[in-house]
Amino acid sequence: MAKELWKGNEAVAEAAIRAGCRYFFGYPITPQNEIPEYFARHMPEHDGVFLQAESEVAAINMAYGAAGSGARVMTSSSSPGISLKQEGISYIAGAELPVVIVNMMRGGPGLGSIAPGQSDYFQATRGGGNGDYRTVVLAPATIQEMTDLTQEAFDIADLYRIPVLVLADGMIGQMMEAVEWKKPKARKLPAKGWATDGTKGKREHNIINSLFIDPKDCTQHNQNLQKKHDLITQNEIRFEEYLTDDAEVLFVAYGTTARICQSAAIKLREAGVKAGVFRPISLWPYPEKELYLCANRGCVKTVVCAEMSMGQMIDDVKIALNGSKPVRFIGSGGGTFPTSAELMAAAHTALEGV
Amino acid sequence: MNDHLTIVTGHYGSGKTEFAVNLAFRLAREGNAVTLADLDIVNPYFCSRERKEEMTSQGIRVIVSKGADSDLPAINPEVYALFENGMCGIIDAGGDAVGAQALGRFSQKIKCIPYELLCVVNFNRPETNTPQKAEAYLRQIEYSARLSATGLVNNTHLDHQTTTHDISRGAELIEDLSRDTGIPVKYHTFEERFSGRLQLPQEQQFPMQLYMKKPWEF
């Protein structure tokens with residue numbers, strides 16, 4: 001099929017429709033408004049439901065309900081709106097429901113700014129809600145990758161019965177790039193025997209809940225969740241290496257910042273500095289071992305973690321490297337991004353420091 | 001080109017802003033005192049105001065929607081300067097009918113001066129990938145703007161993956177749109193790297209430098 005030019009927000013919505021998502025509940029916020037707008041325009045063509053809820057809190061709980069009945073469902077927002085959804089996400093994780101959530105991050109904290117940001121990394125990977133739960137977090141860097149990952153997110157959600165977060169930023173949501181529509185690799189997905197889709201007089205009632213009154217039951221539930229988290233950590237890690245084979249300075253960055261790092265790496269190489277980029281694509285599970293190997297198998301002398309935040313993913317970088325390499329941070333929060341020139345300067349400083 | 005207002009409209013993501021900014025530079029190079037008004041009160045990203053510094057350094061006056069960065073859609077009253085005599089003005093409108101709505105309130109003023117209203121089309125955008133779909137957007141824009149389009153701009157591209165095939169295919173489709181609507185084709189736009197490689201009427205060729213860049217393209 002011929003390539004088309006898609007805006008990120010529209011593409012993520014179209015990807016969901018192509019993955020069989022027929023329910024979308026959301027509430028407007030810049031810079032992701034084209035997502036609900038696209039669903040509003042196109043869901044009716046697929047006999048799907050678009051509903052603008054009265055708030056983000058309502059939208060995430062509607063997603064809980066739709067997922068509970070066995071439907072593929074999505075909600076989306078941007079940073080402050082995702083904060084409002086945290087209680088619902090914890091309940092969805094607790095009730096083991098497959099929901100795909102999109103966060104087109106903007107500057108924070110609070111209302112912050114409407115410019116692109118990456119300062120919801122802690123919230124996304126550590127959980128803004130209560131309890132021992134995890135959400136799979138996928139962080140695309142191109143619109144092509146976002147369309148592929150969003151379709152796959154529905155399969156991952158269904159396979160493990162877990163909320164999956166597509167974590168991008170306002171830049172990826174607003175920019176346009178060429179897209180070729182592809183289907184994700186087929187996975188064998190289990191039937192949704194747990195769904196509350198009507199007993200038809202043939203089975204006991206299914207109950208979907210995150211409440212376990214007896215703490216022993218709740219402990220068992222937590223152990224089951226942990227087994228699932230371990231399995232996901234085993235199977236769903238994604239990352240990309242760029243010019244890493246002979247790199248002496250290694251950038252670690254995701255999403256928009258990774259692309260600026262790639263551009264800086266090319267310029268550094270033109271100036272005779274061997275730079276490479278390690279790009280985590282799954283932020284949870286984090287490619288911990290893979291990053292360690294990348295930084296320790298060749299000539300890497302120093303690592304520079306770059307983010308559109310004041311330093312959040314750097315915690316995972318330090319955990320992964322376990323003191324094996326010096327790590328520096330460069331980034332800016334609030335809606336601005338490190339420029340390629342600033343990244344180059346950071347790489348030079350890091351190399352001088354070793 | 002004095003005493004002339006060019007209004008740039010189009011579907012969301014059609015390339016209105018890139019074209020408007022390039023038109024401003026072209027008219028300035030030709031010796032005009034150009035004023036560009038960024039009337040996009042719909043979308044706060046990839047707006048001509050981001051290139052204000054470069055434009056101002058070339059003598060282009062840029063009128064920006066106030067409060068745009070804080071998501072407050074408010075039109076700067078300085079826009080009225082465009083409707084005075086002797087101005088060489090460009091309006092970069094917001095996308096779709098909702099973006100053109102901001103023009104509607106000025107339509108009576110605009111009708112009193114010589115103007116052209118251009119509609120930019122990229123046939124690689126899924127919502128305007130046929131002349132029929134593009135016309136639907138065009139008609140909605142005209143309705144909201146309370147003005148009729150006077151010219152069409154073929155801006156068919158695929159970002160960095162554009163080939164001459166994209167541009168020529170867009171040229172064929174915009175001719176179809178022109179036949180269906182009776183609105184003449186004004187320009188075929190393309191990146192400068194395609195100059196001299198296209199079989200298109202010379203006076204309609206509009207080579208462009210890309211100003212609306214992504215953070216990794218600087």
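Points to keep in mind about this one:
- The number of residues in segment A:1-57 that are of a type in the set (A, V, I, L, M) and under 24 Å from B:CYS47 (Cβ atoms) comes to 7.
- Pairs with Cβ under 6 Å, 6+ apart, first in segment B:23-43 and modelled with pLDDT of 95 or more, second of a type in the set (Gly, Ala, Ser) and assigned to a loop (DSSP other than H, G, I, E, B): B:ALA28/B:GLY59
- Being open to solvent by less than 10 Å² (accessible area, probe 1.4 Å), away from chain B (no Cβ under 12 Å), touching a residue at least 12 places away in the same chain (Cβ under 8 Å) and closer than 30 Å to B:PRO73 by Cβ is not true of A:ALA11.
- Only one entry of A:MET74, A:MET105 meets the criterion of being open to solvent by less than 10 Å² (accessible area, probe 1.4 Å), within 14 Å of another protein chain (Cβ to nearest Cβ) and modelled with pLDDT of 95 or more, and that entry is A:MET105.
- When each of B:LEU152, B:LEU177, B:LEU158 is tested for being touching a Cys at 6+ places or on another chain (Cβ under 7 Å) and hydrophobic (A, V, I, L, M, F, W, C), the lone residue that passes is B:LEU152.
- Where helices (runs of 4 or more DSSP H) fall entirely within segment B:101-189, those with at least 2 residues that are open to solvent by less than 30 Å² (accessible area, probe 1.4 Å) and more than 21 Å from A:ARG41 (Cβ to Cβ) are at B:107-110, B:164-181.
- Taking (1) free of Cβ contacts under 8 Å to residues at least 24 places away in the same chain; (2) within 14 Å of chain A (Cβ to nearest Cβ); (3) out of contact with any Lys or Arg (no Cβ under 7 Å at 6 or more places or on another chain) in turn, B:ARG125 satisfies each apart from (1).
- Only residues that are assigned to a loop (DSSP other than H, G, I, E, B) and either of a type in the set (Phe, Trp, Tyr) or outside the structural domain of A:GLY129 (by TED's automatic domain parsing) (or both) were counted in segment A:22-63, giving 1.
- Inside segment B:3-43, residues that are farther than 21 Å from B:ARG105 by Cα, within 13 Å of chain A (Cβ to nearest Cβ) and in a loop (DSSP other than H, G, I, E, B) make up a count of 3.
- Hey, B:SER107 within 14 Å of another protein chain (Cβ to nearest Cβ) and touching a helix residue (DSSP H, G or I) at 6+ places or on another chain (Cβ under 8 Å) or not: no
- Cβ-Cβ under 6 Å pairs, at least 6 apart or on other chains, segment B:69-87 side within 20 Å of B:ILE110 (Cβ to Cβ) and open to solvent by 30 Å² or more (accessible area, probe 1.4 Å), far side at pLDDT 90 or above and assigned to a loop (DSSP other than H, G, I, E, B): none
The values are calculated or read from the model by the stated rules, or taken from the named source; none is laboratory data. Fair warning: this is a prediction, and the values are worked out from it, not measured in the lab. Every residue, glycine among them, receives a Cβ derived from its backbone with ideal geometry; neighbour counts consider all protein chains shown. Side chains included, ligands, DNA and RNA excluded: accessible areas come from the protein's heavy atoms. Shrake-Rupley method; radii C 1.70, N 1.55, O 1.52, S 1.80 Å.
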